[in-house]
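The values are calculated or read from the model by the stated rules, or taken from the named source; none is laboratory data. Just so it is clear, the model here is predicted, and its values are computed rather than measured. Cβ atoms come from the backbone with ideal geometry, glycine included; neighbour counts cover every protein chain shown.
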Amino acid sequence: MTTLVFGHKSPDTDSTAAPIVWAWYLSEVAGTAAKPVLLGEPNTEAAFMLERWSLDKPEIILDVEAGQPCVVVDTNNPSELPANIAKADLRQIIDHHKLTGGLETKGPIDITIRPLACTATIMYDMMGSAASSAPEAIKGAMLTAILSDTLEFRSPTTTDHDRAVAERLAEELGVDIPELAEAMFAAKSDVSAFSEAELLRMDSKEYAVEGTSFRVSVLETTSPRAILDRKDALVEAMPVVAAEDGVAQVLLFVVDILNEEATLLVPNELTKTVAEKSFGATVTGDTVVLPGVMSRKKQIIPALKV
């Protein structure tokens, strides 16, 4: 049976690229028939990545069947995976997030979790010599994912190794990193076609903080005004999305890639409390700017207090 390789729901660039990269490696190098799939529609930057490297968009699936062989990449959190994941035949996890717990497997599996900024960096290392002989499209997918997750090396999650792997890939591909990153971020910043609810879910993850559940949404952009101009509509959509998704509140951080800061929308007292307790901010209106805050994984989630 073909092994399915997939990342988390609401797939970003890394969760779109990593299944493609690892399915190629399993099929072409390791001799295991594998297929990349997605758990949702890829975001605009991920769609740019597919087009830039002439890659087919993987099939979107809603769940997995019992006994289905699969590999999970770019997450180990059960809430970000198919509902039936515990009944599937999970064989491997490759990730760069903290260990969440809660997954139960049928037997021992191979787990690789490393403190790097991007899953693609880990995969590059795991592939060994096969990485340098990979097709251009596979190398391009890895490079794009690393630049995305590191925000072109601006994110505090960036390691020297992420940068070194990206620079090596760019050299092999003959790609100028600033030019590629500029095109990627322009694609990511064009959110005009999305509804407010879609924006709130586009790059979001659910977290519980001291018993209060949140959908933590991050929109990384070089044009924050395009999002903040829709502030009133976004605030109006927040309680609807929260109710539909079974969380207490949606927290929306608009990350300004170029100015290296985040703007948090503050629609109510709960969010004001979160901003003040978590980031030491003084909130006087319906938004607050958080200088230097760019990473959900490293700077937002670990800081959250209610």
note = Given (1) on the phi < 0 side of the Ramachandran plot; (2) buried (at least 16 other Cβ atoms within 10 Å of the Cβ), Asp74 misses just (1)
key: Elements of type helices (runs of 4 or more DSSP H) in the stretch 177-246, at least 3 residues being free of Cβ contacts under 8 Å to residues at least 12 places away in the same chain   = 231-245
ask   = Are any of the residues in the stretch 181-194 surrounded by fewer than 20 Cβ atoms within 10 Å (Cβ to Cβ), at pLDDT 95 or above, of a type in the set (A, V, I, L, M) and in contact with a helix residue (DSSP H, G or I) (Cβ under 8 Å, 6 or more places away or on another chain)?
value = yes
query = Can you find a residue in the stretch 159-172 that is surrounded by 23 or more Cβ atoms within 10 Å (Cβ to Cβ), small (Gly, Ala, Ser), at negative phi and assigned to a helix (DSSP H, G or I)?
reply = yes
key: Residue in the stretch 41-71 that is nearest to the chain's Cα centre (by Cα), counting only those that are surrounded by fewer than 18 Cβ atoms within 10 Å (Cβ to Cβ) and among the small types (Gly, Ala, Ser)   = Ala47
Filter pass, Thr271 being touching a helix residue (DSSP H, G or I) at 6+ places or on another chain (Cβ under 8 Å) and among the polar types (S, T, N, Q) = no
ask   = For the stretch 88-115, how many residues are β-branched (Val, Ile, Thr), out of contact with any helix residue (DSSP H, G or I) (no Cβ under 9 Å at 6 or more places or on another chain) and either part of a loop (DSSP other than H, G, I, E, B) or surrounded by 19 or more Cβ atoms within 10 Å (Cβ to Cβ) (or both)?
value = 2
request  = List the number of the failed condition for Thr13; all other conditions in (1) farther than 24 Å from Pro108 by Cβ; (2) surrounded by fewer than 20 Cβ atoms within 10 Å (Cβ to Cβ); (3) of a type outside the set (D, E, K, R) hold.
outcome  = (2)
note = When restricted to Leu270, Leu290, Leu228, Leu258, the only residue crowded, with 20+ Cβ neighbours inside 10 Å and modelled with pLDDT of 95 or more is Leu290
inquiry  = Return the residues of the stretch 116-158 that are of a type in the set (S, T, N, Q), free of Cβ contacts under 8 Å to residues at least 40 places away in the same chain and either within 15 Å of Val73 (Cβ to Cβ) or assigned to a loop (DSSP other than H, G, I, E, B) (or both); say none if nothing qualifies.
reply    = Ser133
note = Going through (1) touching a residue at least 60 places away in the same chain (Cβ under 8 Å); (2) assigned to a loop (DSSP other than H, G, I, E, B); (3) within 17 Å of Gly128 (Cα to Cα) one by one, Leu55 fails only at (3)
ask   = Would it be correct to say that Ala134 is more than 27 Å from Thr271 (Cβ to Cβ), in the same structural domain as Gly101 (by TED's automatic domain parsing) and in contact with a Lys or Arg (Cβ under 9 Å, 6 or more places away or on another chain)?
value = no
task = Check the stretch 202-209 and report whether any residue there is touching a helix residue (DSSP H, G or I) at 6+ places or on another chain (Cβ under 7 Å) and under 21 Å from Ile257 (Cα atoms).
result = yes
task = Just one of (1) small (Gly, Ala, Ser); (2) modelled with pLDDT under 95; (3) part of a helix (DSSP H, G or I) trips up Ser10, so point out which.
result = (3)
